[in-house]
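Here's the structure, in structure tokens; my notes come after.
Rule-based calculations on the coordinates, nothing more; no lab input. Computed from a predicted model, the values in this text were never measured in an experiment. Using ideal geometry, Cβ is built from the backbone for each residue, glycine included, and neighbour counts are taken over all protein chains shown.
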Amino acid sequence: MADVDFQHLSTLLWREQELLDLLLFKAEEKQYLILSGKTRWLARIAHEIEVVLDQLRTLEVERAAATEALAVRLGTGVNPSLRQLADAAPAPWNDLLAKHHEALLVLVTDLRSLSDANRELIEGGLSAIGDALLSVRQQPSAGTYGATGRSEHGATRAVTLDGAL
């Protein structure tokens with residue numbers, strides 16, 4: 001079994017970890033923007049996240065091909081998980097692949113948690129905006145300005161007060 005194949009897969013897994021870590025950073029940036037109300041930058045961070053996701057998709061295709069080539073040699077069957085591949089790999093690759101697997105699990109778990117939190121913040125913000133708009137619509141109108149430059153509502157009040165005096 002060529003160590004070159006294991007080395008190639010390991011290199012791809014390191015790159016995947018780097019990209020997932022960058023994605024986690026971008027998700028934290030997004031959370032900061034949401035919490036600070038700096039919504040102006042949300043479209044930009046969404047684009048940056050999409051760029052990282054595209055890189056991950058491309059890397060995933062290459063990783064799948066490298067995994068499949070090793071799976072054939074190791075006899076693990078078609079489309080094995082990284083854990084299955086680590087279990088079948090010879091030393092020292094079995095330990096290294098197992099560590100990659102653990103690191104990727106931690107990153108993916110952190111990303112899911114942060115993504116869920118960001119989604120809740122956005123949904124909460126949208127709900128608050130909807131509630132505020134509904135509240136504004138339900139409040140009585142303050143009136144409009146008339147020809148004299150005074151509010152029609154205020155003009156009516158002034159007339160009423162003049163009549164009371």
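General observations
- Added length on full extension, which subtracts the Cα-Cα distance from 0.36 nm per residue, residue 69 to residue 47: 4.6 nm
- Per-residue Cβ neighbour rank within 10 angstrom, fewest leading, 120, 48, 16, 68: 120, 68, 48, 16
- Among the trypsin sites (Lys or Arg not before Pro) in the stretch 1-109, those placed in a DSSP loop whose Cβ has at most 12 other Cβ atoms within 10 Å are 38.
- Over all pairs of different C-alpha atoms in the stretch 3-123, the reciprocal of the mean inverse distance, the Kirkwood hydrodynamic radius, equals 15.7 Å.
- Lysines whose Cα lies under 23 Å from that of residue 38, excluding same-chain neighbours fewer than 8 positions away: 26, 30
- Take the Cβ atoms of residue 35 and residue 4, set R0 to 45 Å, and the FRET efficiency comes out at 0.45.
- Computed over the stretch 3-123: relative contact order in percent, which uses C-alpha pairs under 8 Å that are six or more apart: 33
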